[in-house]
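**Student:** Just dropping this structure here.
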Amino acid sequence: MSRGGDTSGVGVIVIVCMGVLAAIVYKLAAMLGADFKSTLDMLLRLLSVSALAMGSIYLLRPSLKKLIAGVGCGIWWTFWPILDNWNMQIAPAFLQSSETIWWDSWWFKFGIEGLLLGLLVYLIFTED
């Protein structure tokens, strides 16, 4: 009998939970038509955006408009790995190193991000 208590089932529970989470990511990747790594990267980014949103709600108490604009900036950023993956699937092999589809180009990604950040800054500095 061990002194610290019986923890033999904890490892099994952790492995089963990780397996269930991996299966969820795999199914989501199949639904999106992306690979596992891109989908996992998207979900980890979404988790960080959610944590930042919850922290800002708790600490700053922003208005709903400001919160939606800020979360919109983060959610757009979370989908960049999926856009990259879709580009690699659509573009021919000889174009993958030099050309990208318009919706995966840097000017489109940063342009939308800039518009969303501009909206957020406008909402922060205007009166409620």
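**Student:** Work out Dmax and Rg for the chain from the C-alpha atoms and quote the Rg first, both in angstrom.
**Tutor:** 20.2, 66
**Student:** If you look for lysine pairs in the chain that are eight or more places apart or on different chains, how many of them have Cα atoms under 23 Å apart?
**Tutor:** For the chain, the number of qualifying lysine pairs is 4.
**Student:** Moving to a separate point now. Report, by chain and number, residues whose modeled amide H sits under 5 Å from the one on ILE101, excluding near sequence neighbours (fewer than 5 apart, same chain).
**Tutor:** The answer is none.
**Student:** Students often get this wrong: which residues of region 39-65 have the backbone nitrogen under 19 Å from the point 7 angstrom along Cα-to-C-beta of LEU115?
**Tutor:** Taking a point 7 Å out along Cα→Cβ of LEU115, no residue of region 39-65 has its backbone N under 19 Å.
**Student:** Please list the radius of gyration and Dmax for region 8-78, considering alpha-carbon atoms only, with Å as the unit.
**Tutor:** In order Rg, Dmax, the Cα atoms of region 8-78 give 15.9, 49 Å.
**Student:** Here is a follow-up. Cut-off is 10 Å between beta-carbons; in what order do SER8, SER63 appear when sorted fewest neighbours first?
**Tutor:** The order, fewest Cβ neighbours first, is SER8, SER63.
**Student:** Where does each of MET42, MET88, MET31 land when they are ranked from fewest to most other beta-carbon atoms within 10 angstrom?
**Tutor:** By the 10 Å Cβ count, ascending: MET31, MET88, MET42.
**Student:** Given the DSSP H assignment, sum -39500 (n - 2.57) over each helix run of at least 4 residues in the chain and divide by its residue total; what's the result at 222 nm in deg cm²/dmol, nearest 500?
**Tutor:** About -25500 deg cm²/dmol.
**Student:** Taking other Cβ within 10 Å of each residue's Cβ, how do THR39, THR78 sort, fewest first?
**Tutor:** THR78, THR39
**Student:** Please find the FRET efficiency linking LEU64 to TRP102, where r is the Cβ-Cβ separation and R0 is fixed at 30 Å, and quote it to the nearest 0.05.
**Tutor:** Here the calculated transfer efficiency is 0.40.
**Student:** For the chain, which DSSP H helices look membrane-span-like by this rule: Cα extent along the axis of 27 Å or more and mean Kyte-Doolittle of at least 1.0?
**Tutor:** Those that pass (Cα extent of 27 Å or more, hydropathy at least 1.0) are 8-32, 36-59, 106-125.
Read-outs throughout are calculated quantities, based only on the coordinates presented, and are distinct from any laboratory measurement. Not measured: the values here are computed from a predicted model. Glycine also receives a Cβ, built like all others from the backbone with ideal geometry; neighbour counts cover every protein chain displayed.
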